[in-house]
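In what follows, a single structure is set out as structure tokens and then discussed.
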Amino acid sequence: MKSTVISEEYLALQTDISNKQTKWTESLDKSSVVEKQPLQHKHVPIIAQTMVNVNYDLYKEWIFDLADYLVEKDEKLQNDVTKLKEILNDEIVKKWVTEVLAFNQIYFHSFAEKEGLAEWFPYFLAEHSLRPYLRVVSDVYKDELATVHTKGSCPCCGEPIRLAVLEGKGLKMIVCPRCEAKWNQKRLHCSLCGNEDHESLSYYNIEEEKNSKLEVCGKCNGYIKIIDTRKLFKKQTAFLLDLTTLHLDFVAQENGFGITEEEEVKS
């Protein structure tokens, strides 16, 4: 696979964070996080119709753990971390969980501005510290993932679909970088709009990319990255696989894929 466009330093940082999340996920008792119940809605993300029991003290501990780690990598964040530890009370911690699940980045940007923190910092901490809980939910409901049809987004957490892997005898598995959900999908199927017309679905092969390609849809102009992980020496989480194939997103967008008609007019 072609070298990624991200720096080795940034990849190392994200790998460490991914390893933390894996460790945190493994420490959780699944039965205490979510009680599996029959799903009532087939077009609503599972996370939105499930009661997730977050241990707020543990979540707060993970937030501070991640914050301290980031300070090790960038001392300029020390003032932000010190300030955050002073203001992050139980009420705010609970609010963070609610707003992360709602994808409410506006709340976090406003919070950062109000408290004088780096704009990206609160959301980054809140989101990445909650992902272990999302991954537990995706694992508990792994057999139901393919039965939930949230067009264009992960059936578990609602993250936009953008990545698939080929496994076994060429089985196409959609994977979510956020909650690590994985589910099977027909090869001839647009993950974004549901189009199954073979004449408007195609693959965009990229020079020097033997293990990856873009699946593009002529109906919605969307794309996803498809990685043949059978040919990779090192297995990665969906989160890191998405990150290390960021250059494929650049290629897709440079060729006009993933751009709506409205965006094209504005440009």
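The values are calculated or read from the model by the stated rules, or taken from the named source; none is laboratory data. For clarity, every value in this text was computed on a predicted model and none was experimentally measured. Counting neighbours? That spans all protein chains shown, and the Cβs are built from the backbone with ideal geometry, glycine included. All accessible areas refer to the heavy atoms of the entire protein, side chains included, with ligands and DNA or RNA removed. Shrake-Rupley method; radii C 1.70, N 1.55, O 1.52, S 1.80 Å.
Partners of residue 83 within straight-line reach, counting lysines whose Cα lies under 25 Å from its Cα and excluding those fewer than 8 residues away in the same chain: 20, 60, 73, 94, 95, 114.
Classify the stretch 175-222: rounded, prolate or oblate, from the alpha-carbon gyration tensor (a ≥ b ≥ c, eigenvalue square roots; a/c under 1.5 rounded; otherwise prolate if a/b is larger than b/c)? Don't skip to the end; give the middle numbers.
Working: a/c = 1.99, a/b = 1.08, b/c = 1.84.
Oblate shape, in that a/c is at least 1.5 and b/c is the bigger or equal ratio.
Within the same chain, lysines fewer than 8 places from residue 76 are excluded, and of the rest, those with a Cα less than 18 Å from its Cα are 85. Taking a span of 20 Å or more along the helix axis (Cα atoms) and a mean Kyte-Doolittle hydropathy of at least -0.5 as the rule, the DSSP H helices of the chain that qualify are 56-73, 121-140.
Taking the square root of 5 times each eigenvalue of the Cα gyration tensor, what semi-axes in Å does the equivalent ellipsoid of the stretch 142-267 have, largest first?
Working: eigenvalues 91, 65, 42 Å².
Over the Cα atoms of the stretch 142-267, the semi-axes work out to 21, 18, 14 Å.
If you count only protein heavy atoms with a 1.4 Å probe, what accessible area per residue comes out for the stretch 33-121, rounded to a whole Å²? Don't skip to the end; give the middle numbers.
Working: 5410 Å² over 89 residues.
On a per-residue basis, the stretch 33-121 sits at 61 Å².
Give me the tail of P(r) for the chain as a percent: Cα-Cα pairs with distance above 23 Å. It works out to 57 percent of all Cα pairs.
Stretching the chain fully between residue 56 and residue 219 yields a gain of 54.3 nm (0.36 nm per residue, less the alpha carbon separation).
When the C-alpha to C-alpha distance is required to be over 21 Å, the pairs from 210/234; 36/142; 142/210 that qualify are 142/210. In summary, the aspartates and glutamates within cross-link reach of residue 186, defined as a Cα separation below 19 angstrom excluding same-chain residues under 8 places away, comprise 143, 144, 167, 196, 197, 199, 215, 228. Potential lengthening of the chain between residue 49 and residue 169 amounts to 39.8 nm, from the contour at 0.36 nm per residue minus the alpha-carbon distance.
With each label modelled as a point 7 angstrom along the Cα→C-beta vector, the residue 14-residue 109 pair spans 2.1 nm. Helical runs (DSSP H, four residues minimum) scored at -39500 (n - 2.57) apiece and divided by the length of the chain put the mean residue ellipticity at 222 nm at -13500 deg cm²/dmol. In this calculation the C-beta distance from residue 6 to residue 255 is compared with R0 = 30 Å, giving a FRET efficiency of 0.90. Result for the chain in a Gaussian network model with C-alpha springs under 10 Å: among 195, 55, 255, the largest mean-square fluctuation is at 255.
Over the stretch 33-96, what is the mean sequence separation of C-alpha contacts under 8 Å (at least six apart), divided by residue count, expressed as relative contact order in percent?
Numbers: 26 pairs, mean separation 17.8, N = 64.
In percent, rounded to a whole number, it is 28.
Peptides 31-38, 105-112 ranked from most to least packed give 105-112, 31-38, packing being the mean of other C-beta atoms within 10 angstrom over each peptide's residues.
Under 1.5 on a/c is rounded, so check that first for the stretch 1-88, then, if it is not, pick prolate when a/b is larger than b/c and oblate when it is not; a ≥ b ≥ c are the square roots of the alpha carbon gyration tensor eigenvalues. Since a/c reaches 1.5 but b/c is at least a/b, the shape of the stretch 1-88 is classed as oblate.
So in the chain, what percent of DSSP beta bridges are antiparallel if you round to the nearest 5? Around 80 percent of the beta bridges assigned by DSSP in the chain are antiparallel ones. From the alpha carbon centroid of the stretch 75-114 to that of the stretch 125-146 is 21 Å.
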